[in-house]
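First the structure, in the form of structure tokens, and then the observations on it.
The values are calculated or read from the model by the stated rules, or taken from the named source; none is laboratory data. Small disclaimer: the values here were computed from a predicted structure and weren't measured. Don't worry about glycine lacking a Cβ; one is built from the backbone with ideal geometry, like all the others, and counts go over all protein chains shown. Heads up: the accessible areas ignore ligands, DNA and RNA and are worked out on the full protein's heavy atoms, side chains in. Shrake-Rupley method; radii C 1.70, N 1.55, O 1.52, S 1.80 Å.
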Amino acid sequence: MRVPRGWWRTLQLGRRDSRTEVDEELELHLAMRTEEYVAAGMSPEEARAEALRRFGDLARTRESCRRIVDRTATSTRRKDAWSGLRQDVVYALRTLARSPGLTAAILVTLALGIGANTAIFTVVKGVLLRPLPYGNPERLVSVYDVFTGIDLPHSVLSEPELLDLERSVSAFSAVAAYRAGKLTLAGVGPPERVASMSTTASFARALGVQPVLGRFFGPDEDRPGQGQVVVLEHGFWQRRFGGDPGVLGRRLSLNGTPRVVVGVMPRGFTFGDAEMFVPLEIDRGTPAPRTGHYLEAVARLRPGLSLADASSQLAALVGRLVPENSDAYPANMGFSMGVESLTDTLVGSIRPALLTLLSAAGLLLLVACANVANLLLLRAEGRRRELALRTALGAGRGRLIRQLLTESLILAAAGGALGLLLAAVGVPLLLSLDPAGLPRRDAIAIDYTVCAVTLGLSMLTGVAFGLAPALQALRLDLQGGLKEGGSSGTGPRRRRLRRGFVVLEISLAMVLVAGAALLIQSFWRLRNVDLGFRSDHVLTLDLSLPEASYNDTTKVLGFYEGLLQGLGGLPGVTAIGAASLLPLTGREGNWDVEIEGRPIRPGDPAPSPAVNIATPGYYRAMRIPIVSGRVLLPSDDERAPPVAVVNETMARTLWHGDDPVGRRFKVLGDSTPWMTVVGVTRDVRSWGIARAARAEYTLPHRQLPVTVREARRSMSVVLRTSGDPLDIAGAVRREIASLDPELAVANLRTMDRVVSDSLSRPRFTMLLLVLFGALALTLAAVGVYGVMAHGVAQRAREIGIRLALGAQPRYVRRLVVAEGLALALAGLAAGVLLALLVSRLLASQLYGIEPTDPVTYLAISLLLLAVALLATWQPARRATRVDPLGALRAD
């Protein structure tokens, strides 16, 4: 494309003209002096030399004059540029004001597209892009165990493995272990269960942070019984103690044990949801067995070393550990150790969903741009005479392009501002959907970076949708545009461009709607998964008895027996029980077992099913069906023979489908007794609604001391009621307070809420993608309608001739509908191919359905065809009402 001469002169900033003018002026002055000296009798050469001598330093004078002229020219150009820009803006605003309906439609379309992108980008930036609130966070890594033989790709460490990392892996400058939990805070207002983190003393050093008040605990305080101290998270310090600096040295009762506050972490520091940090007591002289895995580890890479270096050293460490500890690492367990960035550990699970939503928002913006470009092309058709007249009066085509782009950028800026306001409202709404486990919620906010990205996106969008109408101005037919009463038809090139935009809209809408349909079906299947229990009319709560107050088995069992008896007598309670593993929460661990008659051979891994501890009424309260045998009974106490109830998966995998009732197994260890299987229950989704049931067995709470020598202090209580479970929430709290006023009640909620929370992340993704798909579908329908309606108006004369020659209205209607459906079919063909490619990215977020499900694509194709048909029907009806005489008289 030839660049207009005026644009090139503007880019040159007039420097060549100003330099030429200065040179010509100085040369004229020297020539006049030379002529005077020649007239006085000098030779031309002498006259020239004398003129130069009298003038002085010519080069210095020339450069000084050039600077003056350049400054003057630059000032003039700036004034002219601002004046031209002001004229363009004022004229654009007047032009847009003359079409308020079209302008409003464009602004709403842009606000939706830009607002959706801004809102999703705000979440993505806060969760994925904002650096972690630690020192040099890019050097922080997580270290974990891998057991490929038993399908554990990301397992926690044991105490000896932590010590091995500290001693043997030189790639780490610091290694720290941590374990999440909860502590009961008493004596400071109402008792409260507070999220806590037990850590080694190296935790703060590894993360590169220091408390803003006081200190972190030292190496001598993370030994057993040595450090009764606590460090508070900044937000918890503000919330519970009003930011009082005098909190240092204060004694807090945590789980019945007094701990001294020694520090407060800095503002903005978070790690998980922990509100306080206590020492993780590890006996480094006599660590726990190597098979006791419960620690998570974070490490800091030394400067100059990479993840690959750390991984290589871990592989060397594993190569030494496996031969030396063959009992802990049987060959068929496939033991190794892995390392990944801490960012991936904290946000890796949510990354696919957020990137999917960001991509969907980008596609929606493309649909919006195509729609707006089409609207502006249609608007430009009505301005052909105006543009032709301005060209005839001397306006260059570059000037027209600048004017049209100015209008586009004004629309984009206004749409971006509205989109930013929409995002400011939309981000809190997104967070109100409360996707379970969405990390780093405190980092999600609209800031300067988000505003800058929105501004850049708006300008880019303005150029994108304004380029097509602007380029059309380069092909303006001057005579046709100025002709009064001439045909208003448009050329085939313009029609193809508008139809191309419609095809693009339909194809992108197909991608979004197909993705939304897949997620809807996936969510529906999740929602109808057989959970193995009934969640209706069930109230649940968590209790944890402090060890200091409940330091023996008799007190623990006595409390829960009295509690269940008291709560069971409340009005409306029809069944009550308690368990250590609440369905869908996956909070309990695994205990290795040995099946009677099948001793574990050296080198073979022991079966490691999940373990649950429950009271007899638990099964009735949760309505868990029994498959064979019986459930736990009140008579299954410490005096009775040890028993267990297993689920269907454990019966199938450990006894190969035979009925295990009457068979025996034991927790691995010489001192543990054999337990008799007394019943088999249906599988319960204990580890998440989308995760298949694992092998699991349940032990009676009253027999637990016989089995593992320790009563279970932390339990989830479940109450089945005849009415609304929340109606008895107050009575439940009062009953617990009457037994122990220092005991905190946590997670008081209905079981329906637990199920809903487990569905929140797929529901979050599904709802947003459905919204984007609906908006894209609406915009595509508007695009089809606009093109077909404009086409009918442009072809009014042709349609009038057809009707005058005897064409039936149904024939004309069919002609218009066929043209609209042809556009839809072209868009669907491209959209299906694109959707098949893109939908594979959804595979990790789908449950029970393939990303290439043919029924889904067929249904969505029919839906889009129906929408296109509806969008085409009104213009088709209008075509049949064209007045033949009026159409023929128009030209």
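Taken along the Cα-to-beta-carbon direction at a fixed 7 Å, the label points for Thr257 and Glu596 span 3.9 nm. Dividing the mean sequence gap of close Cα pairs (under 8 Å, 6+ apart) by how many residues segment 531-615 holds gives a relative contact order of 23 percent.
Cross-link partners for Lys182 among the aspartates and glutamates, with Cα-Cα distance under 12 Å and sequence neighbours closer than 8 places in the same chain left out: Glu192, Asp273, Glu275, Asp542. With the whole protein complex present, Leu870 retains an accessible surface near 140 Å², based on a 1.4 Å probe.
Note on exposure: Trp687, Trp655, Trp591 ranked by accessible area (1.4 Å probe, complete protein assembly) read Trp591, Trp687, Trp655, with the most exposed listed first. Counting only aspartates and glutamates at least 8 places from Lys125 when in the same chain, those with an alpha carbon closer than 19 Å to its own are Glu138, Asp344, Asp434, Asp442, Asp447. For Met42, the accessible area of its heavy atoms, probed at 1.4 Å with every protein chain present, is near 70 square angstrom. Counting only protein chain heavy atoms and rolling a 1.4 Å probe, the accessible areas of Ile350, Ile410 rank, largest first, as Ile410, Ile350. Each Lys or Arg adds one and each Asp or Glu takes one away; over the other residues whose Cβ falls under 12 Å from the Cβ of Asp283, this sums to -1. Under 1.5 on a/c is rounded, so check that first for segment 565-625, then, if it is not, pick prolate when a/b is larger than b/c and oblate when it is not; a ≥ b ≥ c are the square roots of the alpha carbon gyration tensor eigenvalues. It comes out prolate by the Cα gyration axes. The stretch between Met459 and Ser738 holds 93.9 nm of extra length on full extension. This uses 0.36 nm per residue minus the Cα-Cα distance.
Local charge sum around Leu518 (other residues, Cβ-Cβ under 14 Å, Lys/Arg +1, Asp/Glu -1)? For residues surrounding Leu518, the net value is 0. In this structure the amide hydrogen of Val212, modeled in the peptide plane, comes within under 5 Å of the amide hydrogens of Val264, Met265, none closer than 5 places in sequence on its chain.
Taking a straight line from the alpha carbon of Lys666, these aspartates and glutamates sit under 15 Å away, with near neighbours fewer than eight places off in the same chain left out: Asp592, Glu594, Glu596, Glu696.
List the residues whose amide H sits under 5 Å from the amide H of Leu668, counting only those 5 or more places along or on another chain, with H placed 1.01 Å from N in the peptide plane. Amide H neighbours of Leu668: Asp592, Val593, Glu594.
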